[in-house]
Each structure stands twice: as structure tokens, then as C-alpha cells.
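Encoded as C-alpha cells, the structure appears first; notes follow it.
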Amino acid sequence: MNEAATTLDGWYGLHDFRKMDWTSWKRLSSDERALAISEYQQFLKKLDAVQSEEQGSHSFYSIVGQKADFMLFILRPTMEELNDLENEFNKLTIAEYTIPTYSYVSVVELGSYGSKDSDEDPYENPYVRSRLYPQLPKSKHVCFYPMDKKREGEDNWYMLPMEKRKQLMYDHGMIGRGYAGKIKQIISGSVGFDDWEWGVTLYADDVLQFKKIVYEMRFDEVSARYGEFGSFYVGNLLEAEELPRFLHV
């Protein structure tokens with residue numbers, strides 16, 4: 001049996017994608033819409049308060065294209081908290097006028113591939129903690145996609161020796177380092193949690209950086225030979241105070 005890579009695990013995450021039922025939304029009076037918007041803004045302010053205390057984080061983006069109208073990505077210390085927030089949103093008035101289109105459940109992770117630099121507890125390392133319990137940025141744009149490692153014939157990632165996987169992942173990571181300062185990346189593991197193995201959430205102020213990094217990584221062996229990708233979602237930052245404009249009809 002091959003050696004499994006160990007992971008450091010942080011906050012649990014829920015990517016919640018919704019479409020607006022604009023036809024039903026338009027049937028409401030302007031006062032009813034205003035009340036629903038205000039209620040939703042209060043919900044987002046509650047999330048802001050938790051984020052300011054560094055007990056979780058979230059990001060809110062409008063999605064471009066027909067896959068969804070907006071995405072709310074929430075990070076929390078426990079799966080129970082995520083479930084509670086999902087249910088709380090579903091009880092809001094605005095939820096009656098949304099259509100769930102996709103969701104993704106995962107946990108923020110760092111893979112070590114057997115490396116251990118010291119005897120110190122990695123969870124006490126400030127850099128590691130910043131990666132596992134991140135404060136999500138308010139970059140202008142977001143890109144999310146799920147992915148797997150192949151398990152087909154000669155292209156079976158899980159049959160490769162540990163040292164081979166470790167070297168491949170190091171080379172793969174070097175491409176990402178070339179985008180430092182341009183893209184912030186959140187990797188979350190979802191084996192046993194969702195239909196894919198990992199979720200990748202990218203943040204950038206220049207939306208073209210998403211195209212550049214994904215295209216460049218296509219030529220790396222980890223992606224070219226062993227990577228399988230789900231649907232891509234790209235969107236623009238949506239601040240709570242922008243909700244009235246976003247929902248105006």
C-alpha cells in the first residue's frame with residue numbers, strides 16, 4: 001500500500017451558489033423587497049462581526065454567467081456552525097426568491113507529503129495558522145473550481161510512490177509561487193465531504209490572472225496527466241451595501 005499524504009486541517013467551508021428567481025422577486029412590492037434586503041444585510045453584518053473577531057470568515061460575490069447569480073463562501077471552526085448558518089439563510093425572506101444551483105463542502109487544508117521541518121506543533125506556527133484559518137480577502141474577483149486526481153490505468157495518482165508525488169507537487173507549487181502578490185489561493189479538501197476531492201478558490205484584483213495561472217498549470221504534469229476539473233465559477237466582489245443595487249428591479 002502506498003503512503004498517504006498527511007494534511008493539516010483548518011476551518012470548514014461551504015460554497016453556496018444561488019440564482020435569483022427574478023420573476024417572483026419582481027412580484028413583490030418595493031417595500032417588501034426593501035425589508036427582505038435589509039434582513040439579508042443584517043445577516044451579512046452578523047457574519048462581519050464573527051470575521052472581525054477572527055472566529056471565521058466569508059466572502060460574497062456576484063457570479064458571471066448562467067451557473068449562478070451569487071456565491072457566499074463561509075468558513076467556520078465546525079461543520080455544525082456551517083449547517084446552522086445554511087439553515088439560518090434558508091429561513092430569510094430573500095431565500096424564498098433564490099434557487100440553489102450548487103454547493104461545495106470542504107475543509108481548508110495544507111498537504112505536507114511527509115515533510116516535517118521541526119518538532120514544533122505546526123498548528124502553533126503563525127504562517128501555518130494564517131493558511132488554515134484565513135481571513136478571506138475582498139479582492140475584486142473570485143474564481144472557484146473543484147478538482148480530482150485521476151485514478152485511471154497508468155495515470156493513477158494514488159499508485160505513485162510518495163517521493164514521486166512529493167516532487168511533482170513541489171514543481172506544481174512553484175508555478176503558483178510565481179503569482180504571489182497577484183493571486184491569493186485557498187485550497188480545501190473534500191474527500192468524504194463532497195463529490196470532488198479538492199476545491200480551489202482564487203482571489204485577484206486582475207481577473208486575467210485566473211486565466212493565466214490555470215493555463216500555465218495545464219502544462220505541468222500534475223494537471224496535464226493527473227488532474228480532472230469540474231465547472232469553473234468566476235465573479236465580482238459584492239459588498240453588503242451594494243445589495244440594493246444588485247437586487248433592484
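The values are calculated or read from the model by the stated rules, or taken from the named source; none is laboratory data. Computed from a predicted structure; not experimentally measured. Positions of Cβ are backbone-derived with ideal geometry, glycine not excepted, and every protein chain shown enters the neighbour counts. Side chains included, ligands, DNA and RNA excluded: accessible areas come from the protein's heavy atoms. Shrake-Rupley method; radii C 1.70, N 1.55, O 1.52, S 1.80 Å.
List of remarks:
- The set of residues from the stretch 71-88 being crowded, with 20+ Cβ neighbours inside 10 Å and touching a residue at least 60 places away in the same chain (Cβ under 8 Å) comprises MET71, PHE73, ILE74, LEU75, ARG76, LEU82, LEU85.
- Test result for LEU47, under 14 Å from LEU136 (Cα atoms), open to solvent by less than 50 Å² (accessible area, probe 1.4 Å), out of contact with any Cys (no Cβ under 6 Å at 6 or more places or on another chain) and assigned to a helix (DSSP H, G or I): yes
- Residue match in the stretch 107-124 (condition: of a type in the set (Val, Ile, Thr), within 24 Å of VAL64 (Cα to Cα) and not in a helix (DSSP H, G or I)): no
- TYR61 being open to solvent by 50 Å² or more (accessible area, probe 1.4 Å) and either assigned to a helix (DSSP H, G or I) or among the hydroxyl-bearing types (Ser, Thr, Tyr) (or both): no
For (1) in contact with a Gly (Cβ under 9 Å, 6 or more places away or on another chain); (2) not acidic (Asp, Glu), each residue gets a yes or a no:
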{"residue": "ILE183", "(1), (2)": "yes, yes"}
{"residue": "LEU208", "(1), (2)": "no, yes"}
{"residue": "LYS212", "(1), (2)": "no, yes"}
{"residue": "GLU216", "(1), (2)": "yes, no"}
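- For the stretch 79-90, the count of residues that are closer than 30 Å to SER130 by Cβ and aromatic (Phe, Trp, Tyr) is nonzero.
- Among residues of the stretch 6-16, those that are more than 16 Å from LYS91 (Cα to Cα) and either surrounded by 18 or more Cβ atoms within 10 Å (Cβ to Cβ) or without any contact (Cβ under 8 Å) to a residue 40 or more places away in the chain (or both), counted: 6
- Note on the stretch 20-31: residues that are open to solvent by 70 Å² or more (accessible area, probe 1.4 Å) and touching a residue at least 24 places away in the same chain (Cβ under 8 Å) amount to 2.
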